[in-house]
Amino acid sequence: MDENIWLLPELDNRVDKLASDMGLSLETAQILLNRDITTKEEARKFLFSDLSDLNDPYQMDGMEEAVSRIEKAVRDKEKILVFGDYDVDGILSVVVFMKAIESLGGCIEYFIPDRLEDGYGIKTKHIKMMLERKIKLMVSVDCGIKAVNFTEKAEAFGVDVIITDHHQPGPEIPKAVAVLNPALSHSSYPDKDLAGIGVIFKLIQALMERRNKGSVLTHYLKLVSIGTIADVAKLRGENRLFVRYGLEALRDVSNTGLKNLLSICGLEYRDVTAGDVGYRIAPRLNAAGRLGKVGLSVDLFRVRDKKESEDIALHLNELNSLRQKAEVNIFNQAVEKIEKNDLEKKYKLFILGSKEWHRGVIGIVASRLKDMYHRPVMLFAYKNEKAFGSGRSIKEFSLINCLRNSSRLCVSFGGHPLAVGCEIHQSRFDEFRKEMNVYADSEILDTDLKRKIKIDVKIDFRHITPSFLEEIDLLKPYGVGNPKPIFLSENVCIASRPKLLKGKHSKFMITKDERFFEAMGWRRKDWAEVFEKGDMADIVYSFSRNEYLGKRRLNFVLHDIKPVKK
Ligand SMILES: [Mn+2]
């Protein structure tokens, strides 16, 4: 059994005050403090804010200019082009902006670059396409903050440009009609974490409120919530509002495409969670872009015909299955290489490659392998004497610094500490791998390779009451920046013989203080083999509440279990 490290924070000395100020349990107060919510006002906002707490869109620099220019274009029937990106954030930004402009009576078309042919972002070559399409105003979504040359040229050709983006700017900002980006250093906008679709939503909010159409905004939040989650934006501040109200609104969907999308994801008849968006919805929308058919994902929401929309949804599902199959293949081949060669004992960084692997999929697999082995992983797809790599790292190790150290061996490279991409000549691959491994060996400590579990708070079974569960529900939606709370309970008793489910999961009945709970150890059959009835243990777990025969039941999802010596 591999040993995880349990991290339990000291009980915060502000916990009593926050609990009594808010009328909350000490455990919930500690969970809030762990998320840097320290005052009564912050707690009130986090737990109880509603759509009236959305920021004024005009707090974002450039909003006034952007709104006036768009209103002019709508009035004069000028052709607007929305320029997007091939990921979910970019695709849905295009969809919501087109919908908004059309509802105002404007003319709008879209362009999304091809992932493999064009790559990310706006390039000067795109001017030709815009002139051919007789565009008068271009609005970028989820990209464009570095399109300095493009903007200058476009304006010279008589095309006005509005940039909306959330990526970090370069040294120079494009001289556009307006640049909307909360990440700009001089921006006074209170929320820096908006996804691309959050920024375009603020623009839509400004346009609608000016026409007293603010009531339509909740409809937009459905797609805004999906884009925000898919872009792994922090679910705090305004993003938390988007997601809370957006996911709620998904209970009542009228758009045919969105309905069909939920249906192929198996989400028609239940509440959608952030996890569902990440694991079910986003992969299907992304699948089209990965395989060079990004337009399908836009069409899904735009076609009126029921049958046509159904066909598109099925097609997306198929593309996603293809992608999944490719992913499983690569994953299995990689695991085989790792196990057969005993790489876990030899390397702290895994670098593997094959000419059979698809460039568009290796990143996802690298991420899964990183989670499984808890160490950085780089996978390469060989093609035409070149090796295209995609890597993912654990937070203890900066993969981009490692790559920088070997940059002379790369044709190109980029990324950040946790995720990188690069291209190298295959002839230099062995040298590259050797050098990267030497660097990783010297930088990664043995404790870095241990998985750490961040526990929120210790809890007695006696404190798990219906009113406590209601309090905990106020913390939803969970996701990036607001993880599901993790509890520790000590000296609990395993009440009956653990069961093995489907040969791979463990199921426990656990008791203390005359309370009984069912606890699941997913994919941990070893636990059912190790523990016996009557054993004492410390458990680390989160809650899972499901509806069963009309009754809500509470289960535990076990993250770890350690025996207590009698
Ligand atoms: Mn984005």
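Stretched out straight at 0.36 nm per residue, the stretch from Glu109 to Asn4 would grow longer than its current Cα-Cα span by 32.6 nm. For the peptides 219-232, 479-492, 322-335, 545-558, residues were scored by their other Cβ atoms within 10 Å and the scores averaged per peptide; the highest-first order is 219-232, 479-492, 322-335, 545-558. Each of Ile362, Ile80, Ile197, Ile173 has some number of other Cβ atoms within 10 Å of its Cβ, and from fewest to most they run Ile173, Ile80, Ile362, Ile197.
Pairs of alpha-carbon atoms within less than 8 angstrom and 6+ residues apart define the contacts here; what relative contact order does segment 104-174 have, in percent? Once divided by the residue count of segment 104-174, the mean separation gives 31 percent.
Of the trypsin sites (Lys or Arg not before Pro) found in segment 479-508, those in coil by DSSP whose Cβ has at most 15 other Cβ atoms within 10 Å are Lys502, Lys504.
Basic side chains Lys and Arg get +1 at the Cβ, acidic Asp and Glu get -1 at the Cβ, and with that the dipole of the chain about its Cα centre reaches some 1220 debye.
State log₁₀ I(q)/I(0) for segment 407-484 at q = 0.13, 0.20 Å⁻¹ as given by the Debye formula over alpha-carbon point scatterers of equal weight, solvent excluded. Results for segment 407-484 at q = 0.13, 0.20 Å⁻¹ read -0.69, -1.03.
Compared with the rule-of-thumb size 2.2 N^0.38 Å for a compact globular protein, the chain has a Cα radius of gyration ratio of 1.04.
Note on segment 297-357: dipole from Cβ charges, positive end direction compared against Val328, Asn341, Ser309; the farthest Cα belongs to Asn341. On the principal axes of its alpha-carbon atoms, segment 341-449 has extents of 39, 28, 26 Å, going from largest to smallest. Residue order for Thr256, Thr164, fewest other beta carbons within 10 angstrom first, comes to Thr256, Thr164. Computed over the chain, relative contact order equals 11 percent, with contacts defined as Cα pairs under 8 Å that lie 6+ residues apart.
How big is Rg to Rh over segment 438-541, alpha-carbon atoms, Rh as the Kirkwood inverse-mean-distance radius? A ratio of 1.06.
What pairs from Lys502/Lys562; Lys340/Lys562; Lys395/Lys452 go past 20 Å between their alpha carbons? As for pairs spanning more than 20 Å Cα to Cα, those are Lys502/Lys562; Lys340/Lys562.
Within segment 53-243, DSSP assigns beta bridges of which about 0% are antiparallel (rounded to the nearest 5). Basic side chains Lys and Arg get +1 at the Cβ, acidic Asp and Glu get -1 at the Cβ, and with that the dipole of segment 341-449 about its Cα centre reaches some 300 debye.
Give the peptides 140-149, 28-37, 12-21, 532-541 in descending order of average Cβ contacts within 10 Å, highest first.
Highest-to-lowest ranking by the protection proxy: 140-149, 28-37, 532-541, 12-21.
Taking Cβ atoms as reference points and 11 Å as the exclusive limit, the residues near Glu490 contribute a net charge of +1, counting Lys and Arg as +1 and Asp and Glu as -1.
What does the charge count around Met98 come to, taking other residues whose C-beta lies under 10 Å from its C-beta (Lys +1, Arg +1, Asp -1, Glu -1)? Local charge sum for Met98: 0. The three principal axes of the C-alpha atoms in segment 256-355 carry coordinate ranges of 56, 31, 16 Å, sorted with the longest axis first. In segment 53-243, the convex hull through the Cα atoms has an average projected area of 9.7 nm², a quarter of its surface area. DSSP beta bridges in the chain, what fraction antiparallel, as a percent rounded to 5? Around 65 percent antiparallel, to the nearest 5. Against the chain, whose longest principal axis is taken from its Cα atoms, helix 237-249 shows a tilt of about 90°.
State the answer as a single residue: which of Ser354, Gly389, Leu549 lies farthest towards the positive end of the charge dipole of the chain, with beta carbon charges of +1 for Lys and Arg and -1 for Asp and Glu, about the Cα centre. Checked the options; the winner is Ser354. Among the listed pairs Lys40/Lys458; Lys259/Lys307; Lys348/Lys450; Lys99/Lys123; Lys458/Lys551; Lys17/Lys458, those whose Cα-Cα separation exceeds 20 Å are Lys40/Lys458; Lys99/Lys123; Lys458/Lys551. Under the convention that each Lys and Arg Cβ holds +1 and each Asp and Glu Cβ holds -1, the size of the dipole of segment 252-296 around its Cα centre is about 280 debye.
Values in this text are rule-based calculations from the coordinates and carry no lab data. Model, not experiment: these values are computed from the prediction. Note that we place each Cβ from the backbone using ideal geometry, even for glycine, and neighbour counts take in every protein chain shown.
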